[in-house]
1. On the basis of being at pLDDT 95 or above and small (Gly, Ala, Ser), does residue 34 make the cut?
2. Could you check how many residues of region 367-418 are open to solvent by 10 Å² or more (accessible area, probe 1.4 Å) and polar (S, T, N, Q)?
3. Condition (residue is in a helix (DSSP H, G or I), over 24 Å from the mean Cα position of the chain (by Cα) and crowded, with 17+ Cβ neighbours inside 10 Å) applied to region 338-357: is it met by at least one residue?
4. Just the residues that are over 17 Å from the mean Cα position of the chain (by Cα) and hydroxyl-bearing (Ser, Thr, Tyr), please, taken from region 1-31.
5. Within region 322-349, restricting attention to residues that are without any contact (Cβ under 8 Å) to a residue 12 or more places away in the chain and out of contact with any helix residue (DSSP H, G or I) (no Cβ under 7 Å at 6 or more places or on another chain), which residue is nearest to residue 89 (Cα to Cα)?
6. So residue 80 ticks every box in (1) at pLDDT 95 or above; (2) open to solvent by less than 50 Å² (accessible area, probe 1.4 Å) but one. Which box is left unticked?
7. For region 300-328, enumerate the residues that are of a type in the set (D, E, K, R) and either within 16 Å of residue 346 (Cβ to Cβ) or buried (at least 16 other Cβ atoms within 10 Å of the Cβ) (or both).
Amino acid sequence: MECDKQDKYNLILKFLFFLVGFSIPFSYAFNSIAIGLLFLFSFKFFSLDKYKNDIIIKIGYLPLLFFVVFLLQVLGVFYSQDINKGLSYAIQNIVFVLFPIIFFNLSTYLTKDKIRLAVYGLIFGVSAILISIYINIFIEIFKKNLEFNTLLTRFTRVGFVKYGIEEIHPPYLGILTIFSLVVLLHVKLIKRKSLDYILRGFLFLFLGCSLYGISSIMSVIVLFIFLITSIIFLSKSIKFRILTTLSFFGIFIIILINLNSIRIVTKDFPGNSLLGRIQWSIFKGKGDTSRPENWKSVTNVIKDNLFFGVGSDGGLKDLQSFRDPKSESFKFKHNAHNQYLEFFLRHGIVGFIIYLFMLYELIRVAFYSRNEVFIWFLITFLISSMTESYLVRQIGLTFFTFYSILFYTYYKPKINEF
């Protein structure tokens, strides 16, 4: 009887893991409900014995660092210029407290099956968003009698994501899509081998092609690094590795030459598209016209608030004072658009050092674990964070905190075995 009850609890737990992963690309309310249910249900597995003796050795330093990060954000509210905005940001970051408690309660009940369901949830959540986008775009094409090549010209980036059942900022949808591709390459979806290859192959192709519509350059760069690294290291033949590397670079150079020979930034291929943005950045020598100026304003504000930062509200008023009123950053009131600078800006050198310690602890455990999905989750986040502040929105926050502490809690006890 007790065994049946435990099986029932495990089944519910698996469903909740899937639900949290699935809800990440969706609304704040849906995602918050899923996290809340997992949080409450985790106390079914709570045990006082876990608090005894070597707790740090068992669960590691990451949960403690998560708590410290949240404490910094709460303290940052008190010296924010906009107290309400700072408080809202701190409340949003409650996941830095909830997930450590959840996975502390569940630490001895984590299995690979539960981890798989958590990443399956994200794959199907992202796929559902992308399918809804294409359905609505095709309806728009038929309704307005548009040509099908408008898929490559008109429906890109913001003009692409706005057709989803949930509109997601392109870089955020990009990072979720890239991680989904990583999972598809390394994790089986179903037991039957032939059907699994077909399903994963179809989803890989679908998600990969969707990156064009998302048109996030950093996502494409991460995908390129991931694919070439995977092909090189999956093969045992040194000759094949060399040939593959040369082929990739050859294809890349050919694409660049062909892009340079035609005018992409036209009414047919606007700068908003992936191809247009590549040409604008590389061949027209413009690069990113908003981020460098944006980063300059951030560094100027950091200089005046070096030790403890501007506070949890992000110091928009100070940032705007260093920006050209005609610039994109000023008009759209941009944040730092760099997670490392964002953390430094809000919490100073003290917070930045704590953030680096947190990343170091994750990197250490990830590489000791030798788990490709965990490692590439971090690589994807770390590279993408160079051009986007992912931890200022619910999607980025949940994606990072949920999967980082999920992988960490499962693999941390095992690294002592190496």
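1. Working: at pLDDT 95 or above: yes; small (Gly, Ala, Ser): yes.
Spelling it out, residue 34 is indeed at pLDDT 95 or above and small (Gly, Ala, Ser).
2. Count: 6.
3. No, region 338-357 contains no residue that is in a helix (DSSP H, G or I), over 24 Å from the mean Cα position of the chain (by Cα) and crowded, with 17+ Cβ neighbours inside 10 Å.
4. Selection gives 9 alone.
5. Narrowing region 322-349 to residues without any contact (Cβ under 8 Å) to a residue 12 or more places away in the chain: 325-326, 330-332.
Applying the additional criterion that residues be out of contact with any helix residue (DSSP H, G or I) (no Cβ under 7 Å at 6 or more places or on another chain) yields 325-326, 331-332.
Details: 325: 26, 326: 28, 331: 22, 332: 19 Å.
Filtering region 322-349 for residues that are without any contact (Cβ under 8 Å) to a residue 12 or more places away in the chain and out of contact with any helix residue (DSSP H, G or I) (no Cβ under 7 Å at 6 or more places or on another chain), the one nearest to residue 89 (Cα to Cα) comes out as 332.
6. (1)
7. Residues of region 300-328 that are of a type in the set (D, E, K, R), as a first pass: 303-304, 313, 317-318, 323-324, 326, 328.
Scanning region 300-328 gives 303, 304, 313, 317, 318, 323.
So that you can scan it fast, the table gives a plain yes or no per residue for (1) modelled with pLDDT of 95 or more; (2) buried (at least 18 other Cβ atoms within 10 Å of the Cβ); (3) not hydrophobic (A, V, I, L, M, F, W, C):
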residue	(1), (2), (3)
118	yes, yes, no
125	yes, yes, yes
150	no, no, yes
155	no, yes, no
160	no, yes, no
187	no, no, no
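The values are calculated or read from the model by the stated rules, or taken from the named source; none is laboratory data. In this text, all values refer to a predicted model and were calculated from it rather than measured experimentally. Backbone-built Cβ (ideal geometry, glycine too); neighbour counts: all protein chains shown. Accessible surface areas use protein heavy atoms only, side chains included; no ligands, DNA or RNA. Shrake-Rupley method; radii C 1.70, N 1.55, O 1.52, S 1.80 Å.
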